[in-house]
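The values are calculated or read from the model by the stated rules, or taken from the named source; none is laboratory data. Predicted model only: the values in this text are computed from it and were never measured. Cβ: placed from backbone, ideal geometry, glycine included. Neighbour counts: every protein chain shown. Protein only, heavy atoms only, side chains kept; ligands, DNA and RNA dropped before computing areas. Shrake-Rupley method; radii C 1.70, N 1.55, O 1.52, S 1.80 Å.
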Amino acid sequence: MLSVKGYSITHILNRSRSSVVYRGQHKQSQVPVILKICAADQPSPVEIASLKNEFHILKQLSSPYIVYAKDLIQDPFKPVIILEDFGGISLQQ
């Protein structure tokens, strides 16, 4: 399972060809979060750039209908997007 400094991961919410989405929480504040990473063990520069671009686009948007991007953790091999967790469930459920 994913290990991100400062966060505890509880479970996987979704896995697709390009990304994996986890539910977890910030260890210090206990605030629930969503973590999104590239699915590949060794993502290509294009996949990494796409994830970073997604973060930067989300940071520029402000709407009650769009999830808030809290942080981008720059892991050397796999960047991690930290998103707000509003307690929603997967549409597949």
What about Ser29, is it without any contact (Cβ under 8 Å) to a residue 24 or more places away in the chain and either open to solvent by less than 60 Å² (accessible area, probe 1.4 Å) or assigned to a helix (DSSP H, G or I) (or both)?
no
Counting only residues that are closer than 21 Å to Thr10 by Cβ and open to solvent by 30 Å² or more (accessible area, probe 1.4 Å), how many does region 42-84 have?
8
By residue number, the members of region 33-76 that are part of a strand (DSSP E or B) and of a type in the set (A, V, I, L, M) are Val33, Ile34, Leu35, Ile37, Ala69, Leu72, Ile73
